[in-house]
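The values are calculated or read from the model by the stated rules, or taken from the named source; none is laboratory data. For clarity, every value in this text was computed on a predicted model and none was experimentally measured. Methodologically, a virtual Cβ is constructed for each residue, glycine included, from the backbone with ideal geometry; neighbour enumeration extends over all protein chains shown.
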Amino acid sequence: MLTATDLSKKSMAVPDEVREFDRGRLELVTVADMEFARAVFQPGWRWSESVRPLAGTESCRFPHRLFVEAGALHIRMDDGAELDITAGDVVVIGPGHDAWVTSTEPCVVYEFRGEDSDYAKTAD
């Protein structure tokens, strides 16, 4: 837990970890006890095609708290609810969804991470 005297920073220019996957890249830094990520999804990226083979699940099982810097994504929840997100949006997505890039430019999102720290890792 952070205290009033804690002060820390890291640069996304030098990530602690990089995960590459089909049409995507995830860069992670850990500052104090918080993980922060930048994800870049190229046009044509779709979770069910690019990450499902790594995750081994039918849909993404992780919740997300995102800020969209550039591009656009379409989200479809397992229950059929759908949402378009674009640059400037702050978004909360529950577990159980698919997503795909709808823009002609890469979609860049930033995320404060917690329980989704295994995203884009090969399932055990």
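Which count do you get for residues in segment 35-56 that are under 19 Å from Gly80 (Cβ atoms) and either at pLDDT below 95 or of a type in the set (Gly, Ala, Ser) (or both)? Give the derivation first.
So the first thing to find is which residues in segment 35-56 are under 19 Å from Gly80 (Cβ atoms), and the list is 46-48, 52.
With either at pLDDT below 95 or of a type in the set (Gly, Ala, Ser) (or both) added as a condition, the list becomes 48, 52.
Within segment 35-56, residues that are under 19 Å from Gly80 (Cβ atoms) and either at pLDDT below 95 or of a type in the set (Gly, Ala, Ser) (or both) number 2.
Scan segment 1-18 residue by residue and report those that are at pLDDT 95 or above and either surrounded by 15 or more Cβ atoms within 10 Å (Cβ to Cβ) or β-branched (Val, Ile, Thr) (or both).
Within segment 1-18, Val14, Pro15, Val18 qualify.
When you scan segment 49-67, do you find a residue that is touching a residue at least 60 places away in the same chain (Cβ under 8 Å), of a type in the set (A, V, I, L, M, F, W, C) and loosely packed, with under 14 Cβ neighbours inside 10 Å, even just one?
No; the residues of segment 49-67 include none that is touching a residue at least 60 places away in the same chain (Cβ under 8 Å), of a type in the set (A, V, I, L, M, F, W, C) and loosely packed, with under 14 Cβ neighbours inside 10 Å.
Inside segment 46-68, can you point out the residues that are farther than 15 Å from Arg25 by Cα and charged (D, E, K, R)?
Across segment 46-68, the qualifying residues are Glu58, Arg61, Arg65.
Looking only at segment 103-116, decide whether some residue is of a type in the set (A, V, I, L, M), free of Cβ contacts under 8 Å to residues at least 12 places away in the same chain and within 30 Å of Asp6 (Cα to Cα).
Step one: filter segment 103-116 for residues of a type in the set (A, V, I, L, M), giving 108-109.
Subsequent filtering for residues that are free of Cβ contacts under 8 Å to residues at least 12 places away in the same chain retains none.
No, that holds for no residue.
What do you reckon, is Leu28 among the hydrophobic types (A, V, I, L, M, F, W, C), part of a strand (DSSP E or B), under 23 Å from Pro95 (Cα atoms) and touching a His at 6+ places or on another chain (Cβ under 9 Å)? Before you say what the answer is, go through the steps one by one.
Values: among the hydrophobic types (A, V, I, L, M, F, W, C): yes; part of a strand (DSSP E or B): yes; under 23 Å from Pro95 (Cα atoms): yes; touching a His at 6+ places or on another chain (Cβ under 9 Å): no.
The answer is no for Leu28.
Output the number of residues of segment 96-124 satisfying the condition of being at pLDDT 95 or above, surrounded by 14 or more Cβ atoms within 10 Å (Cβ to Cβ) and outside any strand (DSSP E or B).
Count: 4.
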